[in-house]
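**Q** Quick one: the structure is below, and I'll ask about it shortly.
Just so it is clear, none of the values below were taken in a lab; they were calculated from the coordinates. Bear in mind the structure is a predicted one, so any value in this text is a computation, not a measurement.
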Amino acid sequence: QVQLMESGGGLVPPGGSLRLSCAASGTIFEVNVMNWYRQTPGKERELVATIDSAGGSDYADFVKGRFTISRDNAKNTVYLQMNSLKPEDTAVYYCHVELRDTIAPRWKYYWGQGTQVIVST
């Protein structure tokens, strides 16, 4: 059984910062790609940032220069540092992780439960 637990969302004024965390736990054998997505009501979920097992990362154009994705492989945890936040960054943020567990060792993707980020005065 694998679980993804997210934390760090909340209310922040424009220009502020937040740091999201997502920890994978359970019968994990190996973790590969770790992603952050976001979704607003009435819109499809969109990819925000991705990081591979070697630390290589990529970002959506709308967050480049403001957000930083990182990971701690020893803790099976991925982070999203969000700076210079804008009202349009308001969304539910989801982590999305590709991993293999010890029970059925084939690659599968898992989603976190989501954490709300609100950027507003």
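**Q** For the chain, which semi-axes, largest first and in whole Å, follow from the square roots of 5 times the eigenvalues of its Cα gyration tensor?
**A** Numbers: eigenvalues 133, 39, 30 Å².
They are 26, 14, 12 Å, listed from largest to smallest.
**Q** Just want to confirm a number: the relative contact order over the range 40-87, from Cα pairs under 8 angstrom separated by 6+ residues, in percent.
**A** For the range 40-87, the relative contact order is 26 percent.
**Q** Next question. Taking amide hydrogens as modeled 1.01 Å from N in the peptide plane, which residues meet the under 5 Å criterion relative to Leu85, leaving out close sequence neighbours?
**A** Here the answer is Gly15, Gly16, since their amide H atoms fall under 5 Å of that of Leu85.
**Q** Please state the relative contact order of the range 59-121 as a whole percent: Cα pairs under 8 Å, 6+ residues apart?
**A** Dividing the mean separation by the residue count of the range 59-121 yields 28 percent.
**Q** To continue, here is another question. Of Thr90, Thr68, Thr27, which is the most mobile in a GNM of the chain whose springs link Cα atoms less than 10 angstrom apart?
**A** Per the Cα network of the chain with a 10 Å cutoff, Thr27 tops the list.
**Q** Quick one: what Rg and Dmax do you get for the range 1-63 from the alpha carbons, in Å?
**A** 13.9, 40
**Q** Just list whichever of Lys75/Lys108; Lys43/Lys75; Lys86/Lys108 have alpha carbons separated by over 26 Å in the model shown.
**A** Lys43/Lys75; Lys86/Lys108
**Q** In addition: Take every Cα pair under 8 Å in the range 9-121 that's 6+ residues apart, average their separations, divide by the length, and report that relative contact order as a whole percent.
**A** After rounding, I find 37 percent.
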